[in-house]
1. Taking only Cα atoms and a 10 Å spring cutoff, compute GNM fluctuations for the chain and point out the largest among R32, R52, R195.
2. Taking θ as phi - 60°, what are the ³J(HN,Hα) couplings along segment 107-116 by the Karplus curve (6.51, -1.76, 1.60), each to the nearest whole Hz, with x for Gly and Pro?
3. Tabulate in residue order the Karplus-calculated ³J(HN,Hα) for segment 47-53, using 6.51 cos²θ - 1.76 cosθ + 1.60 with θ = phi - 60°, rounded to whole Hz; enter x for Gly and Pro.
4. Once you've got the Cα coordinates, tell me which of K23/K70; K6/K186; K70/K161 are over 23 Å apart.
5. What lysines does K154 reach when the alpha-carbon gap must be under 21 Å and sequence neighbours fewer than 8 apart in one chain are set aside?
6. Report the gain in length on full extension from R130 to L82: 0.36 nm times residue separation, minus Cα-Cα distance, nm rounded to one decimal.
7. Only four residue types carry charge here, +1 at the Cβ of Lys and Arg and -1 at the Cβ of Asp and Glu. Report the dipole size of the chain about the Cα centre in Debye, rounded to the nearest 20.
8. Before rounding to the nearest 500, sum -39500 (n - 2.57) across all DSSP H runs of length at least 4 in the chain and divide by the residue total; then give [θ] at 222 nm in deg cm²/dmol.
Amino acid sequence: MPKRSKSSERWLQRQRKDYFVRKAQDGGQVSRAHYKLAQIDERFHILSARKRVLELGAAPGGWTQYLESKLTRGFLIAVDPLPITRGSRCRVIEGYAGEDEVNAQIHELVADQQLDLVLSDMAPNISGVRAVDQARAMDLADIALQACEDWLGKGGDLAIKAFQGEGLDNWVAELRKRFERVNMMKPKASRPESREVFVVARGFITAADGNNGDQAKPPSAE
Ligand SMILES: C[S@@+](CC[C@H](N)C(=O)[O-])C[C@H]1O[C@@H](n2cnc3c(N)ncnc32)[C@H](O)[C@@H]1O
């Protein structure tokens with residue numbers, strides 16, 4: 001067997017010790033991330049049986065598993081380039097959110113309906129250069145916001161993972177113009193040393209381009 005690097009050995013040790021990793025393993029959950037969404041939902045009540053939900057960055061499927069247990073009447077579209085463990089109620093789009101092909105598939109599945117909730121747990125591939133990684137994370141946040149502008153109905157909600165650093169404050173300020181209420185949360189299941197935070201924006205008001213969410217419109221092609 002090839003020798004593990006020091007950093008992957010440290011990662012493995014942390015995983016073994018981590019309370020929420022063990023809880024996920026013992027409880028048959030796909031990943032510890034399951035508990036982050038459960039804790040966000042517990043606080044903000046963003047989910048109910050009939051919601052129509054778009055989930056961006058769904059693999060390996062911890063959030064998806066939680067969502068499928070809640071959404072007994074609505075629908076769930078999950079997007080990720082990596083494989084997602086999920087049940088039969090979830091429609092999967094394999095690819096990168098923000099790409100034209102993926103946008104077209106989302107648009108086809110949403111059809112003439114609107115979404116009630118956009119979720120994003122997307123995370124960039126880490127380069128190790130902090131400024132580069134933060135810029136990539138902010139690009140992903142913009143992709144999620146664009147998804148709201150394209151498909152979220154008036155009054156709908158967004159919950160998104162973001163990373164503390166350059167650009168986040170301005171991005172949140174922008175969000176406050178588009179949603180009635182915006183809160184930041186660090187769930188207990190999120191590692192304390194991680195810069196990740198979750199932004200929960202409720203009550204979608206209007207998009208910058210004047211789409212007031214009354215009607216779904218085709219995704220913007222850049
Ligand atoms: C932290 S993981 C998500 C964990 C997942 N929510 C769960 O509960 O199991 C981040 C995911 O974001 C995905 N990702 C990164 N960029 C993406 C993009 N542009 N579109 C869709 N998924 C993306 C990665 O492939 C990765 O699977």
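1. The residue that fluctuates most here is R195.
2. With coefficients 6.51, -1.76 and 1.60, one gets 4, 5, 6, 5, 6, 8, 8, 10, 8, 9 Hz.
3. Karplus-based 3J(HN,Hα) across segment 47-53 equals 10, 8, 4, 8, 5, 9, 10 Hz.
4. K6/K186
5. K51, K177, K217
6. Working: separation 48, 0.36 × 48 = 17.28 nm, distance 2.40 nm.
In short, 14.9 nm is gained.
7. Its charge dipole is roughly 1460 debye.
8. -12000 deg cm²/dmol
A short reminder: the numbers here are calculations on the coordinates, not readings from a lab. All values reported here derive from a predicted model rather than from experimental measurement. Positions of Cβ are generated from backbone atoms using ideal geometry, with glycine treated the same way; all protein chains shown enter the neighbour counts.
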